[in-house]
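Written out below as structure tokens is the structure these notes cover.
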Amino acid sequence: VLQNLSQTPVLRELLKEAKMPGTMVKIESPELCMEPQLIKLDQPGPLTLAMHQFVTEMQETKKGVVTPKELFAQVCKKAIRFKGYQQQDSHELLRYLLDGMRAEE
């Protein structure tokens, strides 16, 4: 899930812009034939910042392994069910991660 999200260009751009509160972001998606949307970004929350840090490490690192410790810690704060390292479904992680970032808007 995290590897797929890190390869999503629109998400990467939004996370990059999210570091600067008050920025106006224009979202265009020619593939989806949607009208462009203009969104004003507020101060990012800890989950959004952790996601930005993770995506940046995935894109820029020369290391072979990237560990999402901070991102996982922030997800666990929003969704306690992920604490304890028990096996969870990847779609549940995706849902809690995206819902958590959206709630920080």
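The values are calculated or read from the model by the stated rules, or taken from the named source; none is laboratory data. The structure presented is a predicted model; accordingly, all values stated were derived computationally and were not measured. Neighbour counts run over all protein chains shown; Cβ positions are idealised from the backbone, glycine included. The protein model used for the area step is the full one, side chains on, heavy atoms only, and it has no ligands, DNA or RNA in it. Shrake-Rupley method; radii C 1.70, N 1.55, O 1.52, S 1.80 Å.
Quick notes
- Within-13-Å neighbourhood charge of ALA50 [Cβ basis; K, R +1; D, E -1]: +1
- Per atom type, the chain shows carbon and sulfur on 53% of its accessible surface, probed at 1.4 Å.
- 5 Å-binned pair-distance histogram of the chain (Cα, whole percent): 2, 12, 20, 23, 20, 13, 7, 3, 0
- Accessible area in square angstrom per residue, the stretch 1-103, 1.4 angstrom probe: 71 Å²
- The stretch between LYS19 and GLN3, if pulled fully straight at 0.36 nm per residue, gains 3.7 nm over its current Cα-Cα span.
- Anchor LYS78: aspartates and glutamates whose Cα lies under 12 Å away (excluding residues fewer than 8 positions away in-chain): ASP99, GLU104
- Applying both filters, DSSP loop and at most 14 other Cβ atoms within 10 Å, to the chymotrypsin sites (Phe, Trp or Tyr not before Pro) of the stretch 74-105 gives TYR85.
- 19 Å Cα-Cα reach of LYS19 towards lysines, excluding residues that sit fewer than 8 places from it in its own chain: LYS40
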